[in-house]
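Have a look at the structure below before the remarks.
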Amino acid sequence: MGDQTRFDLPQSRLPKAWYNLNADMPVPMVPPLHPETKEPVTPEFLSVLSPMALLGQDVSPDAEIEIPEPVREIYRLWRPTPLFRARRLEQHLETCAHIYYKYEGVSPVGSHKPNTAVAQAFFLKDEGGKCFTTETGAGQWGSALAMACNFFDLGCEVYMVRVSYDQKPYRRHVMESFGATVYPSPSMNTAAGQSLLEANPDHPGSLGVAISEGIEAAVTSGGEKKYSLGSFLPHVLLHQTVIGQEALEQMEMAGEYPDVVIGCAGGGSNFSGIAFPFLRENLRNQRTTRLVAVEPTACPSLTRGTYTWDNADVIGMAPIIKMHTLGHTFIPPRIHAGGLRYHGMSPQVSALVDSGHIEAQAIDQVDTFEGGLMFAQTEGILPAPESNHAVRAAINEAVACRETGDEKVILFNLSGHGNFDMAAYGAYSDGTLERYEYPESEITEAMSHLPEVDFPG
Ligand SMILES: *Cc1c(COP(=O)(O)O)cnc(C)c1O
């Protein structure tokens, strides 16, 4: 392959179907439970929240789910995304490993999130819906959904975690530019927000709180609004599999096959997007690629959380899910700048970590930013703080190869660029970014608030 650095697929190779892991899932899954009855949720309960097509995808046994043409038409604005070989990073590390990355930062809002936002907006419009409510942390998901709703002429109501709303106005302006309405969460807009603000007027908010508000706003809208989630759910992971399907073909163009595939994990969607098509090859075709999900030491749900039943939100409006969790009362530490702050983890990723099909690692934020800067200085792209977790894990793998002489092929997902996250990079350069490991005492405390569930599993 000489010195080829960039591997592009023609637009004609844009995937025609999403890959549905349900068809090959090697371990049994348990259903989500109703937060009050603690019995499996009914379709009626869920249909108040979500478009029916998405609920159907969550339980579909079909390996391939066709991507509707209007969704592909929008995907073509930035897909297929490029795959790069990070030759300059390899040289800098003096490693014999080959490092590849799939770059999702070329999407209009700079991350992988439009892959599902566009699909969700299409299905809502298709079913005659009018408006999505949602939560957002730093605003990446909110920007993606605002853009998608704008394309399909839908309303978009965003509950944005208050610390980010106050400290990161730029993504809010992106959302508003696409016509979305943005509220700081907790807000006075919902009963959930009001009760939290009464208890603590300075409540910083969390994704778990914002999810409660987004759900409440949908449930009390008399059917006018539905609720959209940007990660975690099976249909979200499904929509992201365009990433890994393209990467499989691009690795073939490069004449290599990855020994290890790495992604950062917040709710699990970009990791699954790149990893599930390779997991299919492991399960069906005896490939042995290691699949590594990387999380922050400040929010270590996979590596230090418990695999058990917990509420998906703070107030108890969302279903109870079997997952890796730090407890739904988890409030992320304010000093943590690296994103990936959700207390739980996608049920599919959780089950596969539990079964050993997926590995999990936690990396400190200072080390992730160090990796991100090394990547920027060699490859020229400043990664999103979230993506820095994958970058650092890939660097660690490549450094290990330098020592063992192993010519491993490493592929990671660069889930987004960091052009809106300069305050975090500033803190790193100024030396004010601190190391942080989530304290064991907090984990133990949060575990005492888990819901009591009798359901088997
Ligand atoms: C939202 C986001 C993540 C984390 O979400 P996942 O669902 O775990 O992928 C990672 N990287 C970027 C750039 C994001 O915007």
For this session: With the checklist (1) within 14 Å of the ligand (Cβ to nearest atom); (2) of a type in the set (Val, Ile, Thr); (3) not in a helix (DSSP H, G or I) in hand, flag the one item ILE410 doesn't pass.
Result: (1)
Exercise. Which residues, counting only those in the stretch 402-424, are more than 21 Å from the chain's Cα centre (by Cα) and either in contact (Cβ under 8 Å) with a residue 24 or more places away in the chain or under 26 Å from ARG172 (Cα atoms) (or both)?
Worked result: ARG402, GLY405, ASP406, GLU407, LYS408, VAL409, ALA423
Exercise. For THR432, are the conditions met, namely being loosely packed, with under 12 Cβ neighbours inside 10 Å and either in a loop (DSSP other than H, G, I, E, B) or away from the ligand (no atom under 16 Å from the Cβ) (or both)?
Worked result: yes
Exercise. Quick one: would you say ARG392 is outside any loop (DSSP other than H, G, I, E, B), surrounded by 24 or more Cβ atoms within 10 Å (Cβ to Cβ) and of a type in the set (Lys, Arg)?
Worked result: yes
Problem set entry | Any pair with Cβ under 8 angstrom, 6 or more apart, that starts in the stretch 365-385 at a residue that is in contact (Cβ under 8 Å) with a residue 60 or more places away in the chain and ends at one that is more than 15 Å from the ligand (Cβ to nearest atom) and of a type in the set (Phe, Trp, Tyr) | GLN365/TYR436; VAL366/TYR428; PHE369/TYR428; GLU379/PHE84
Exercise. Taking the stretch 263-301, which residues are among the charged types (D, E, K, R), open to solvent by 10 Å² or more (accessible area, probe 1.4 Å) and either in contact (Cβ under 8 Å) with a residue 60 or more places away in the chain or at positive phi (or both)?
Worked result: ARG280, ARG284, ARG290
For this session: Go through the stretch 119-143 and give me each residue that's away from the ligand (no atom under 15 Å from the Cβ), open to solvent by less than 10 Å² (accessible area, probe 1.4 Å) and part of a helix (DSSP H, G or I).
Result: ALA121, LEU124
For this session: Name, by its number, the condition in (1) free of Cβ contacts under 8 Å to residues at least 60 places away in the same chain; (2) more than 24 Å from PRO319 (Cα to Cα); (3) buried (at least 24 other Cβ atoms within 10 Å of the Cβ) that does not hold for ARG171.
Result: (1)
Exercise. Out of all the residues in the stretch 337-377, which are over 13 Å from the mean Cα position of the chain (by Cα), of a type outside the set (Asp, Glu), open to solvent by 10 Å² or more (accessible area, probe 1.4 Å) and over 15 Å from MET323 (Cβ atoms)?
Worked result: ALA337, GLY356, HIS357, GLN361, ALA362, ILE363, VAL366, LEU373, MET374, ALA376, GLN377
Exercise. Does the stretch 102-109 include one or more residues that are without any contact (Cβ under 8 Å) to a residue 60 or more places away in the chain, in contact with a strand residue (DSSP E or B) (Cβ under 9 Å, 6 or more places away or on another chain) and open to solvent by 10 Å² or more (accessible area, probe 1.4 Å)?
Worked result: yes
Exercise. Can you pull out the residues in the stretch 83-118 that are away from the ligand (no atom under 16 Å from the Cβ) and outside any strand (DSSP E or B)?
Worked result: ALA86, ARG87, ARG88, LEU89, GLU90, GLN91, HIS92, LEU93, GLU94, THR95, CYS96, ALA97
Exercise. Is it the case that ALA427 is open to solvent by less than 50 Å² (accessible area, probe 1.4 Å) and at pLDDT below 95?
Worked result: yes
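The values are calculated or read from the model by the stated rules, or taken from the named source; none is laboratory data. From a predicted model like this one, the values you see are computed outputs, not experimental measurements. Neighbour counts run over all protein chains shown; Cβ positions are idealised from the backbone, glycine included. To get the accessible areas, we keep the full protein, side chains included, count just its heavy atoms, and leave off ligands, DNA and RNA. Shrake-Rupley method; radii C 1.70, N 1.55, O 1.52, S 1.80 Å.
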